[in-house]
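Structure first, commentary second.
The values are calculated or read from the model by the stated rules, or taken from the named source; none is laboratory data. Everything numeric here is computed off the predicted structure, so don't read it as measured data. Note: ideal-geometry Cβ built from the backbone for every residue, glycine included; neighbour counts use all protein chains shown.
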Amino acid sequence: MTMEHEARREEPAAGTGEARPADASRRDEPDELEGLSVEDLRVRARRASDEARRNWQQFLHSAADLENYKKQAARDRHDAIERTRRQMLSLVLGVLDNLERAMTYGGTVDGPVASLLDGLRMTHRQILDQLKAIGVRPIEAAGTSFDPRLHEAVAVVPPEQAHQPAGTVAGEILKGYLLNDDVLRPAKVAVVGGPASEARDSGR
């Protein structure tokens, strides 16, 4: 270090007769707690503690709101995917219905039409196998007791014609399907009527 540099370090501040350290101005600032009584300090400490507690509660509420939003968004996404899945499966079931109608109307024939029906049956089996692989299976309706969760009654059969107990599914008009354990489409069925239904019909 040169003599010139040493002289600069010792150069007094302007307007004073002595050198001042760089942080001297900060030490000269008044302390806001200086001169407060013990009781005042306690009051300030309580205020600071209350404010910290309020801020912490606000943080917890905000964190809970964010977590609830994430869960709701996840549920909304799942519901949207499930709705789309059901809509697509309903379209496939419509194609399956048409295949079954074609096979039913075709009956037993010979010649080129028989080969066509064999192709339809094979396609029908393949679609059923693919649906089964993703959890779709048909509802067994005919001969079972009517279940409003699984069946939709679209016709009533008199008991003397059905020779079955009242409330029994006499026939299946449109096949229903389950998606895992949920009803994808209820089966449209004809139900054996009873005295109550006959009384209603006679009173009309």
Which of the residues that make up region 169-182 are in a strand (DSSP E or B), under 29 Å from Met88 (Cα atoms) and out of contact with any Gly (no Cβ under 7 Å at 6 or more places or on another chain)? Gly171, Glu172, Ile173, Leu174, Tyr177, Leu178, Asp182
Do you know which residues across region 124-168 are polar (S, T, N, Q), modelled with pLDDT of 90 or more and assigned to a helix (DSSP H, G or I)? Gln126, Gln130
